[in-house]
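> Can you read through this structure? Questions will come right after.
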Amino acid sequence: MKEVLIVDDDAAIRAALEVGFRRSGWFTETASGVQEALFKFRNHVFPLVISDVRMPDGTGFQVLDGIRNMAPLTAVILLTAHGEVSDAVQAMRGGAFDYLIKPVSMEQIIAAADDIINPSNGDRKSDAIIGSSAAVRTMVERAIHVAKANADILMQAESGTGKEMFARLIHQHSPRVKGPFIAVNCIGFPETLLESELFGFVRGAFTGATATRQGRFEMANGGTLLLDEIGELPLNLQPKLLRVLQERQVDRLGDTRSIPIDVRVIATTNRNLLELVKEGKFRADLYYRLNVVPLRLPPLRERLEDVPALAEHFVTKYAQSGTRPKLSPVLVQRLTQYQWPGNIRELENFIRRLLAMSTSSLLGVELLEDTELSQVPQPVLSRPTTTLTEAGMSLRYVEQQLFESTLKATGGNRSRTAEMLGVSVRTVRNKIREYGLRERTA
């Protein structure tokens, strides 16, 4: 599902953009200022944000900065009626995807948006790296930093952590961004075919070779080649890969000449290559040649605070057209208490399962029966010490008890309380004052 957050203090402009995007098949959300935009973005990560520059409570640059801190790969387009060169420079330096000067046609804006979600060069910019945890921010900053160099990279991480997405991030922020990004899975081909896939072959090189064909190294010339699961590369092919990395030349099967290439290699693995070296299953010289710049991606259990945003992202991605069920606060808490051994891929498939099982617009904990999460300890709110439905209780009393028990469960953390109850922090603050809960929860 294509999604956009539209930020503008002018209600007429917001409405016009909203109608235009919806007619083009986009799901839209709007905000009238900086604070509202950042609040809505914290609750749901959008792949695209379009923001006015000058608004009563701040600027589009503040929107840009806040979003870059929460989701570095979200694309931001800034709109302004003032068109000052200094603003354009500030927008580009701040990481804005584009900077458009009003008046601008709806067709131009939507074309720019569609190019972000479905870019013509094949890079999947819509597959944003979701999360604002310290672990993710550190990893994104490191990846963007090393992207500027031309060195080969070895990325070690568990399966399902998003290695290919980080490889694409590196490519998109490198001087090679205009070149191709080619990915090959080293366990995706039989050993007899992998050599010709990587290095190519000439006509007559073997039975069935009726025409000359480029290998993946040649296809990636001028760009980036991702060698996924490099630890599975057969031992007999490792010397040839080592030579290509050292000489920057490739020999097609059956050819007598070498072809020069200009390729950056990003190798990924979920295995301990040093252990494979000790076992004699991976060449030590190839390991050290690949490991010029080492990167380690954190597993999901080390960034559980990102689970709510990831879950919302997958709900939006896989919900049926025209619908977007909500995750109940208690369900979200249960999701953050699970260790996710299969990492982001397991969470993605789990959300798809919940959507398939659900017949309601609210995804609740009842869907967890007979799943991996059924054994996860239930959150505090699902075991209240007071029966809130007891006859004779007023609605006001029930609400007071609910806010008080939730504040106690969170240690008085207003942000966490708001998240669990599905309300704003301002509402929590008002209820604390209304019911005199400050002293009780201190």
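What follows is calculated from the coordinates using simple rules that are stated; it is not laboratory data. Here the structure is a predicted model, which is why all the values come from computation and not from measurement. We place every Cβ from the backbone using ideal geometry, glycine too, and count neighbours over all the protein chains shown.
> Note the direction-averaged projected area, equal to a quarter of the hull surface, for the Cα convex hull of the stretch 215-263, in nm².
The number I arrive at for the stretch 215-263 is 3.6 nm².
> Which ³J(HN,Hα) values, rounded to whole Hz and listed in residue order, are derived for the stretch 287-299 from phi using the Karplus coefficients 6.51, -1.76 and 1.60 in 6.51 cos²θ - 1.76 cosθ + 1.60 with θ = phi - 60°, glycine and proline given as x?
4, 5, 6, 6, 7, 5, 10, x, 10, 10, 8, x, x
> Give me 414, 168, 334 sorted ascending by neighbouring Cβ count inside 10 Å, so fewest comes first.
Numbers: 414 17, 168 23, 334 20.
Listing 414, 168, 334 from fewest to most nearby Cβ atoms yields 414, 334, 168.
> Considering the options 276, 15, 206, tell which one lies farthest towards the positive end of the dipole of the chain, charges being +1 on Lys and Arg and -1 on Asp and Glu at the Cβ, about the Cα centre.
Going by the Cα projections, it comes out as 276.
> Quick one: work out the % antiparallel among DSSP beta bridges in the stretch 2-117, nearest 5.
On the way: 2 of 20 bridges.
If we restrict to bridges inside the stretch 2-117, about 10 percent are antiparallel.
> Which whole number in µm²/s is D for the stretch 134-298 by Stokes-Einstein, with the Kirkwood Rh taken over Cα pairs at 20 °C and 1.002 mPa s?
Values: Rh = 16.3 Å.
Reported coefficient: 132 µm²/s.
> Arrange the following residues from fewest to most other Cβ atoms within 10 Å of their Cβ: 217, 27, 181.
On the way: 217 26, 27 16, 181 23.
Listed from fewest to most nearby Cβ atoms, that is 27, 181, 217.
> Considering amide H positions built from the backbone, and no H for Pro or chain starts, which residues 5 or more places from residue 282, or on another chain, come under 5 Å of its amide H?
For residue 282, whose amide H was placed from the backbone, the distant partners under 5 Å are 277.
> Still on this structure, please answer the following. So what's the Cα pair-distance distribution over the stretch 1-71, bin width 10 Å, in %?
Each 10 Å bin holds this share of Cα pairs: 22, 56, 22, 0.
> If you don't mind, another one. How big is the charge dipole of the chain about its Cα centre, in debye rounded to the nearest 20, if each Lys and Arg gets +1 on its Cβ and each Asp and Glu gets -1 on its Cβ?
480 debye
> Right, another one. Pick from 263, 45, 292 the residue whose mean-square fluctuation is largest in a GNM of the chain, springs joining Cα atoms under 10 Å.
So, out of 263, 45, 292, the one fluctuating most is 292.
> Take the Cα coordinates of the chain, assign each an equal point scatterer, and use the Debye formula without solvent to give log10 I(q)/I(0) at q = 0.06, 0.14 Å⁻¹.
Treating every Cα as an identical point scatterer, log10 I(q)/I(0) equals -0.34, -1.33.
> If you don't mind, another one. How big is the dipole moment of the stretch 302-381 about its Cα centre under a simple scheme where the beta carbon of each Lys and Arg is +1, that of each Asp and Glu is -1, and everything else is neutral? Debye, nearest 20, please. Walk me through the intermediate numbers first.
Numbers: 8 positive and 10 negative charges, 60 e Å.
Computed charge dipole of the stretch 302-381: roughly 280 debye.
> Further question on the same structure: Through the Karplus equation 6.51 cos²θ - 1.76 cosθ + 1.60, θ set to phi - 60°, convert the phi angles of the stretch 44-57 into ³J(HN,Hα) values in whole Hz; use x for Gly and Pro.
Karplus-based 3J(HN,Hα) across the stretch 44-57 equals 7, 7, 9, x, 9, 10, 10, 10, 5, 8, 9, 9, x, 9 Hz.
> Assign one of three labels to the stretch 279-345, namely rounded, prolate or oblate, based on the Cα gyration tensor with a ≥ b ≥ c the square roots of its eigenvalues; rounded applies when a/c is under 1.5, prolate when it is not and a/b is larger than b/c, and oblate otherwise. Provide the component values of the computation, followed by the final result.
Numbers: a/c = 3.68, a/b = 2.48, b/c = 1.48.
Note, shape of the stretch 279-345 comes out prolate.
> Still on this structure: Amide H of residue 2: which non-local residues (sequence gap of 5 or more, or other chain) have their own amide H closer than 5 Å, using H built in the peptide plane?
Sorted by chain and number, the residues that satisfy this are 27.
> While we're on this one: Once amide H atoms are placed 1.01 Å from N in the peptide plane, what residues at a sequence separation of 5 or more from residue 183, or on another chain, have their amide H within under 5 Å of its amide H?
Close amide H contacts, sequence-distant or interchain: 226.
> At a Cα cut-off below 18 Å, give the lysines reachable from residue 240, other chains included and same-chain residues fewer than 8 away excluded.
281
> What base-10 log of the normalised intensity I(q)/I(0) is obtained for the stretch 302-381 from the Debye formula, alpha carbons as equal point scatterers, at q = 0.17, 0.18, 0.19 Å⁻¹?
So the normalised log intensities are -0.61, -0.68, -0.77.
> I'd like to compare 300-306, 208-214, 246-252: which one has the highest average count of other Cβ atoms within 10 Å, and what's the full order after that?
Details: 300-306: 18.3, 208-214: 11.7, 246-252: 15.9.
The densest-packed peptide leads the list: 300-306, 246-252, 208-214.
> Let's see if you can work this out: charge +1 on each Lys and Arg Cβ, -1 on each Asp and Glu Cβ, no other charges. What is the dipole magnitude of the stretch 134-298 about its Cα centre, in debye to the nearest 20?
Values: 22 positive and 18 negative charges, 92 e Å.
Dipole about the Cα centre, nearest 20: 440 debye.
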